[in-house]
Amino acid sequence: MEASRLEQQDQPDEGERYQELLALSRVSAAISGLWDLDAVLKVALDNILKIMKGTIGGILLADEQTQTLSYHIHQGLSDRYVEKMRLNLGEGIAGRVAQSGKAILLEDISIDSRVAHPDLVSAEGLKAFICVPIRAKDNVLGVINVASRKAHRFSSKDLHLLHSIGDQLGVAIQQARLYERLRKARERYRKLTRQILVAQEDERKRLARELHDETSQTLSGLTLQLQALVGMVEKSSGDTELIARLKKVQSLAVQVHTEVRRLMTDLRPSLLDTLGLVPAIRQLADTRLRPLNINVSVETIGTERRLDPEAETGLFRVAQGSIGNIIEHSKAKNATIAVEYQDSELVLRITDDGKGFDVSAITDVEESGRGRGLFSMRERVMLLGGTASVESKIGQGTTVWAKVPIVHGEEHG
């Protein structure tokens, strides 16, 4: 009869239920949208202690590999206590709660035989104690501890409130951990992508150098030898058929030499290394677009200056890809390339008056390769800490722009 009366007294009235729901709403609003685990735990503990009008508490998380619990955030506890209180699952109060998933309430923890480190608890002066599990579905991720240095009995209302917060916190922790795994995976992907791009540029340099030092030199020699041979035949025999054949071979040698020089420029323009981004883009535009009767202008806005080689290379590749798309797809008559040097960023804009396309239709890289250039461009610029986009409408041309930051003092001369 007495127990029943006490249970009824412990039941929250309507006002208390409202305050409990309000408290849960505050915790939910505080931790929603947070992706950093430490921030989630700190906000949660601050709200828990504020709701329960306490000053002592902490959140311990379970390590799946070591099967141990340790404090990740705390308030009102000494550093020595927090450092020493590392528990195996099943050990002590918190370890039992983490293992069983059942909360424990104590009026005076200092006299409880289940305590793992009674000397630390006594030195800390802890009395009233409540420990509830942090759950995500059927998994216990850790525990919430709230304590007092006065002996008293936490109510079932306190227990119910902490259980509800523990369930909310479990979901938030799981999301934060997932976000952290995704962030690390993305960072690994970016590092790998950067290494691949660097390796590609190194290989391009090597091939361009070999073409220049070997193939191009050989073709130059061959062209000169054929020219000399034509002159010798003209003077000696005057064999018109032989002379015509030699001139045809010489013409083919000149064409091959021209193509090799174009390949060298595409692989790695020497102007990019010697004079910088704008001269290299101007040379590329002149050699690729003007022969196709596409009018092109290259303009510089602001004070031109050298940037980090990686940034210049990345922007040159954006320009190269955009010019390639103009040639292959746009049917444009005119193109404009603008390189704008602002105080804190460089903006590259490439505009054509071609047929345009529906940008929203490209959502992924297709098996045919469609979309690869767009996503590759964005990825390159993102690796430089910048942003890139394509603006286009059918029948209204296309504009490609890329922005990369300029850190003062990083300019290269």
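Of the residues LEU346, LEU224, LEU24, the one that moves most in a GNM of the chain with alpha-carbon contacts below 10 Å is LEU224. Remark: relative contact order (the chain) = 9 percent; criterion is Cα-Cα distance under 8 angstrom and separation of 6 or more residues.
Taking the longest Cα principal axis of the chain as reference, the axis of helix 14-31 is set at about 30 degrees. Dipole magnitude for the range 272-413: about 520 debye, using +1 per Lys or Arg Cβ and -1 per Asp or Glu Cβ, origin at the Cα centre. Shown is the FRET efficiency for ARG262 and SER297, computed with R0 = 22 Å from the Cβ-Cβ distance and rounded to the nearest 0.05: 0.55. Helical content alone sets the calculated 222 nm signal of the chain at -17000 deg cm²/dmol, taking -39,500 (n - 2.57) per DSSP H segment of four or more residues and averaging over every residue. Can you tell me the convex hull volume per residue for the range 252-338, based on C-alpha atoms, in Å³ to the nearest whole number? Per residue, the Cα convex hull of the range 252-338 comes to 95 Å³. Centre-to-centre, using Cα atoms only, the range 275-317 and the range 148-182 are separated by 58 Å.
Overall shape: oblate for the range 2-184, with the ratio a/c of the largest to smallest alpha carbon gyration tensor axis at 1.5 or above and b/c at least equal to a/b. In the range 272-413, a dipole from Cβ-located charges (positive for Lys and Arg, negative for Asp and Glu) runs towards its positive end, and of GLY324, LEU275, GLY373 it is GLY324 whose Cα lies farthest in that direction.
Modelled spin labels at ARG372 and ASP46, positioned 7 Å past Cα toward Cβ, are 5.0 nm from each other. DSSP bridge analysis restricted to the range 272-413 gives an antiparallel fraction near 75%, rounded to the nearest 5. Here the simple spin-label model places points 7 Å from the Cα toward Cβ, and for ASP112 and GLU379 these points are separated by 5.3 nm. When the Cα positions of PRO133, ILE48, TRP401 are compared along the charge dipole of the chain, TRP401 comes out farthest toward the positive end, with charges on each C-beta of Lys, Arg, Asp and Glu.
Classify the chain as rounded, prolate or oblate from the Cα gyration tensor: take a ≥ b ≥ c as the square roots of its eigenvalues, call it rounded if a/c is under 1.5, otherwise prolate when a/b beats b/c and oblate if not. Prolate shape, in that a/c is at least 1.5 and a/b is the bigger ratio. Overall, the chain carries a charge dipole of about 560 debye about its Cα centre when +1 sits on the Cβ of Lys and Arg and -1 on the Cβ of Asp and Glu, all other atoms neutral. Between the Cα long axis of helix 372-383 and the first principal axis of the chain there is an angle of about 60°, rounded to the nearest 10. Across GLN255, GLN227, GLN65, mean-square fluctuation computed from a Gaussian network of the chain (C-alpha pairs under 10 Å connected) peaks at GLN65. Rank VAL249, VAL296, ALA285 by how far each Cα sits towards the positive end of the charge dipole of the range 227-316 (+1 on Lys, Arg Cβ; -1 on Asp, Glu Cβ) and give me just the farthest. Value computed over the given set: VAL249. Cα extents for the range 272-413 along the principal axes, largest to smallest and rounded to whole angstrom: 42, 32, 22.
The angle separating the long axis of helix 240-267 from the principal Cα axis of greatest extent in the chain is about 20 degrees. Put a plus charge on the Cβ of each Lys and Arg, a minus charge on the Cβ of each Asp and Glu, and nothing anywhere else: the dipole of the range 212-336 about its Cα centre is then about 400 debye.
Fewest neighbouring Cβ atoms within 10 Å first, the residues ARG86, ARG245, ARG188 line up as ARG188, ARG245, ARG86.
Throughout, read-outs are computed from the coordinates displayed, never taken from laboratory work. Note that this is a predicted model, so its numbers are computed, not measured. Positions of Cβ are generated from backbone atoms using ideal geometry, with glycine treated the same way; all protein chains shown enter the neighbour counts.
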